[in-house]
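Okay, so here's the structure we're looking at.
The values are calculated or read from the model by the stated rules, or taken from the named source; none is laboratory data. As the structure is a prediction and not an experimental result, all values here were calculated from the model. Cβ: placed from backbone, ideal geometry, glycine included. Neighbour counts: every protein chain shown.
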Amino acid sequence: MDIKEKVSQIVAKLASDAKLMAKWKRNPTAVLEEYIGIDLPDEQVNQLVEAIEAKLKLDKLGNALGGLKNLF
């Protein structure tokens, strides 16, 4: 399993599905395990959740900065 690719896929899915994003906010571990179809050890799940959260924040920041360039 290519972790980087899975993270990107999950982020894209979360960004396009508001219901899934709400479910993610309530229980990211359950969403992650459901999406990949594997029950991972807690340590691996936590690392993936952190990676996905970081990517979501970066994407959100990128969108905000993109909007700023239109002001100038």
Original post:
Which residue, of LYS13, LYS19, is of a type in the set (Lys, Arg) and either on the phi > 0 side of the Ramachandran plot or in contact with a helix residue (DSSP H, G or I) (Cβ under 9 Å, 6 or more places away or on another chain) (or both)?
Top reply: LYS13
Subject >> From LEU14, LEU48, residue being over 16 Å from LYS60 (Cα atoms) and at pLDDT 85 or above >> reply: LEU48
